[in-house]
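The values are calculated or read from the model by the stated rules, or taken from the named source; none is laboratory data. A quick note: this is a predicted structure, and the numbers were derived from the prediction, not measured. We place every Cβ from the backbone using ideal geometry, glycine too, and count neighbours over all the protein chains shown. Please note that ligands, DNA and RNA were not included when accessible areas were found on the heavy atoms of the full protein model with its side chains. Shrake-Rupley method; radii C 1.70, N 1.55, O 1.52, S 1.80 Å.
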Amino acid sequence: MAQQNENRPASHKPADDDPGPPFPRVREVPAAAPLRWIGRGLGDLRACPIPSLFYGFCFTGMGLLLTIIFRHAYEYTAALTSGFLILGPFLAMGLYELSRRRERGESCTLVPTLTVWRRNAGNIGVFAVVLGVVFLVWARASLVVFALFYTEEMPSLSGFVGQMLRLENLEFIAVYFGVGLIFAFVAFAASVVSIPLMLDRNQDAVSAMLASFGALLRNPAPMLLWAVLIVSLTLIGFLTFHVGLVLTMPIVGHATWHAYRDLVEPPAGKT
């Protein structure tokens, strides 16, 4: 019996012994690296304009739809539109795939990117649930802040924006953005490289999120600049009544792929 076990082919080894992808190793990058990522993202947009702009129009359409539906309830509009910063990494999955395909010399075709989540559906689903929970908690917290600190009667949309610009509710603004910053930080820290890792290497969700936190901790200055660029480009989209999202969101999505490629070392034997 012992002799038979020794002669057993290695191919009969149980599949459960497969260790899976190795834990990703994070690199340090220069402080100005995010500017390079934005430049490369713009290059991807120029190289793949039609599929990239399709996703941009989707972001714009969602923003306009939310504004129309909640046009008389700006506390909901503010919570949902700011949720773009939380759910954005998941919604931009197709843009990551476009950058990946271009990097591999493949065609910039829209259709394969629409179902790219199937490549690692289980782990991407886990990550989507995490972001979804963060978003729902933020939405509830946003409504609580409105109820406790917004002292004016809800005006029209232009009047609401005017009140914000004139700082008529300074306490509300400070608390709202302070609370929002906490949720944005958690979402940002968990998603710096998570989805690109899961798409590119079939990485599990927990390892991908830990790698994202590692990238943040190891590169605080570049990550701060990267966060500022993401928020700035998103605000440009919001301040143009979501129309600017047609361009800014594809640039951010493509740039996120290049951030992943810079921040995470490729597996052994690959470049």
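In segment 199-271, which trypsin sites (Lys or Arg not before Pro) fall in coil by DSSP and have 15 or fewer other Cβ atoms within 10 Å?
Lys270
Give the long-range amide H neighbours of Val243: residues separated by 5 or more places, or on another chain, with amide H under 5 Å away, using H modelled in the peptide plane at 1.01 Å from N.
none
Could you report the accessible area of Glu97 in Å², rounded to 10, computed with a 1.4 Å probe on the protein chains as they sit in the structure?
Rounded to the nearest 10, that gives 10 Å².
Add +1 for every Lys or Arg and -1 for every Asp or Glu among the other residues with Cβ under 11 Å from the Cβ of Pro51, and state the total.
Local net charge: 0.
Under 5 Å between amide H atoms, partner at least 5 residues away or on a different chain: which partners does Val264 have, H built in plane at 1.01 Å?
Arg27
Quote to one decimal, in nm, the extra length available between Leu170 and Cys58 on full extension: 0.36 nm per residue of separation minus the C-alpha distance between them.
Between Leu170 and Cys58, full extension yields an extra 37.0 nm.
Local charge sum around Arg119 (other residues, Cβ-Cβ under 15 Å, Lys/Arg +1, Asp/Glu -1)?
+1
Work out the FRET efficiency for Ala221 and Arg25 from their Cβ-Cβ distance, taking R0 = 35 Å, and round it to the nearest 0.05.
So the FRET efficiency works out to roughly 0.95.
How much accessible area per residue does segment 168-213 have, counting only protein heavy atoms and a probe of 1.4 Å, in square angstrom?
For segment 168-213, the solvent-accessible area averages 40 Å² per residue.
Measure off, as a whole percent, the carbon and sulfur share of the 1.4 Å-probe accessible area of segment 215-260, all protein chains present.
86
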